[in-house]
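J.: The following block contains the structure, expressed as structure tokens.
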Amino acid sequence: MNILKIDHLGIAVNSIDERKNFWTDVLGLSFAGAETVQEQKVTTAFFPVGGSEVELLESTSPDGPVAKYIEKRGEGIQHVAFRVENIDAALEELKAKGIQLIDQKPRIGAGGAKIAFLHPKATGGILVELCQRDS
Ligand code: ZN
């Protein structure tokens, strides 16, 4: 597969409002907006860094994946996302290599990207996301 770059780091927070200032006022990043993806019960706030992004993730519901993550492990880096040229081909390649996937097929994430998660059991404990963007 062809990984182009780190697309973003997903950071689980209890409150985007409370955590935002560190990334903007302290580190000097710009806040590029937020988007709620209801299907994943998450609101994502974007902070571009070079050609990549920091994404703060706040759960919209106590039973969402981000809320469950914080419950188990506290706030912090929840996943790392790699941008790939062709996500369908990447998933086929991973399946052929026997890698356990959370998403067998891509779904639509924030910003209309095609995304899919690998299972942390297959990656040494890290939640890895693949994403493909048209732009
Ligand atoms: Zn992500």
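The values are calculated or read from the model by the stated rules, or taken from the named source; none is laboratory data. Owing to the predicted nature of the structure, the values given are computational and were not obtained by experimental measurement. Positions of Cβ are generated from backbone atoms using ideal geometry, with glycine treated the same way; all protein chains shown enter the neighbour counts. Please note that ligands, DNA and RNA were not included when accessible areas were found on the heavy atoms of the full protein model with its side chains. Shrake-Rupley method; radii C 1.70, N 1.55, O 1.52, S 1.80 Å.
For every residue, the table says whether it meets (1) touching a Phe, Trp or Tyr at 6+ places or on another chain (Cβ under 9 Å); (2) of a type in the set (A, V, I, L, M); (3) open to solvent by 40 Å² or more (accessible area, probe 1.4 Å).
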{"site": "I6", "(1), (2), (3)": "yes, yes, yes"}
{"site": "K20", "(1), (2), (3)": "yes, no, yes"}
{"site": "A32", "(1), (2), (3)": "yes, yes, yes"}
{"site": "V42", "(1), (2), (3)": "no, yes, no"}
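J.: For A45, work out the one condition from (1) touching a residue at least 60 places away in the same chain (Cβ under 8 Å); (2) in contact with a Leu (Cβ under 7 Å, 6 or more places away or on another chain) it doesn't fulfil.
T.: A45 satisfies all of (1) touching a residue at least 60 places away in the same chain (Cβ under 8 Å); (2) in contact with a Leu (Cβ under 7 Å, 6 or more places away or on another chain) except (1).
J.: Go through the stretch 83-124 residue by residue and tally those that are part of a strand (DSSP E or B) and buried (at least 18 other Cβ atoms within 10 Å of the Cβ).
T.: 7
J.: Turning to a different aspect of this structure: Please go through the stretch 68-80 and pick out each residue that is surrounded by fewer than 18 Cβ atoms within 10 Å (Cβ to Cβ) and either of a type in the set (S, T, Y) or at negative phi (or both).
T.: Hits for the stretch 68-80 are K68, E71, K72, R73, E75, I77, V80.
J.: Hey, could you check the stretch 8-18 for residues that are more than 13 Å from the ligand (Cβ to nearest atom) and of a type outside the set (D, E, K, R) and say which is most open to solvent (accessible area, probe 1.4 Å)? Steps first, please.
T.: Start the filter on the stretch 8-18 by keeping residues that are more than 13 Å from the ligand (Cβ to nearest atom), which leaves 13-18.
This time we only want the ones that are of a type outside the set (D, E, K, R), so: 13-16.
Working: V13: 8, N14: 99, S15: 25, I16: 14 Å².
Here the residue is N14.
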